[in-house]
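Visitor: My questions will all concern the structure given below.
The values are calculated or read from the model by the stated rules, or taken from the named source; none is laboratory data. Keep in mind that this is a model prediction, so the values were computed, not measured. Here the Cβ positions follow ideal geometry from the backbone for every residue, glycine too, while neighbour counts run over all protein chains shown. Note: accessible area is taken over every heavy atom of the protein model, side chains too, but ligands, DNA and RNA are not part of it. Shrake-Rupley method; radii C 1.70, N 1.55, O 1.52, S 1.80 Å.
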Amino acid sequence: MPGYGYRSRDEWGGFIMKYLSTRKELRRVFLLIEAKVGELKATDLSFLELAEQYKAPVQIVLTKTDKMKRADLDSICKSVIQSATDIAPSVVQPTAICCSSRTKIGIDDLQLELLRVCDLVPSGEPAKQ
């Protein structure tokens, strides 16, 4: 699925709504949030409302975490999860996946979670370090 930046909401909004409401095989939506923004945008909140309405499970993924201090990242992570849970309490996963494509930190965790959601690895298997 595309992001919902400039024009993409107009171009894809109807498609996304239809997809969420009719896709029975949908196991989880991975919502990418840029960590340095520090909070959910209005478009993220609107998307979470739709996910809650259609009971689409959501995994928050904080991206570009290499640009953050650890203490700031922990605070932002908690805040983003709390805000998301306030909007979509029945569908938001309780923890965020924090990752950086530049440093590769968290990429193994993200890949493993994708495999778990697809039932390709046991749910208790730890990420490789």
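Visitor: Taking P(r) over Cα pairs in 5 Å bins from 0, in percent as the quantity of interest, determine which of (1) 2, 8, 11, 11, 9, 8, 10, 10, 10, 9, 7, 4, 2, 0; (2) 2, 11, 21, 23, 19, 13, 7, 3, 1, 0, 0, 0; (3) 2, 10, 19, 22, 21, 16, 7, 2, 0 was computed from the displayed structure.
Guide: (3)
Visitor: Which entries of Lys69/Lys104; Lys18/Lys55; Lys55/Lys104; Lys41/Lys104 have Cα-Cα distances beyond 23 Å here?
Guide: In this structure, Lys55/Lys104; Lys41/Lys104 lie more than 23 Å apart at Cα.
Visitor: Further question on the same structure: Calculate, in nm to one decimal, what Tyr54 and Arg27 gain on full extension: separation in residues at 0.36 nm each, minus their alpha carbon distance.
Guide: Gain on stretching Tyr54 to Arg27: 8.5 nm.
Visitor: Describe numerically, in nm with one decimal, the distance between label points set 7 Å from Cα along Cα→Cβ at Arg70 and at Glu34.
Guide: 2.6 nm
Visitor: Next question. Of Thr65, Thr43, Thr85, which is the most mobile in a GNM of the chain whose springs link Cα atoms less than 10 angstrom apart?
Guide: Its mean-square fluctuation being the largest, the pick is Thr43.
Visitor: Asp119 versus Ser46, label points 7 Å from Cα toward the beta carbon: distance in nm?
Guide: Inter-label distance under the simple model: 3.5 nm.
Visitor: If each DSSP helix of 4+ residues adds -39,500 (n - 2.57) and the sum is divided by the residues in the chain, what number results at 222 nm, nearest 500 deg cm²/dmol?
Guide: Result for the chain, helices only: -14500 deg cm²/dmol.
Visitor: Pull up all non-local amide H partners of Val29: gap of 5 or more, or a different chain, and H-to-H distance under 5 Å with H placed in the peptide plane.
Guide: Here the answer is Val58, Gln59, since their amide H atoms fall under 5 Å of that of Val29.
Visitor: Per residue, how much accessible surface does the range 28-129 expose to a 1.4 Å probe? Answer in Å², no decimals.
Guide: Result: 58 Å² of accessible area for each residue.
Visitor: To continue, here is another question. Just want the answer: with Cβ charges of +1 for Lys and Arg and -1 for Asp and Glu, which residue in Ala51, Ser90, Ile16 is farthest toward the dipole's positive end in the chain?
Guide: Ile16
Visitor: What does the charge add up to near Asp72, with Lys and Arg as +1, Asp and Glu as -1, over the other residues with Cβ less than 15 Å from its Cβ?
Guide: So the environment of Asp72 carries a net charge of +2.
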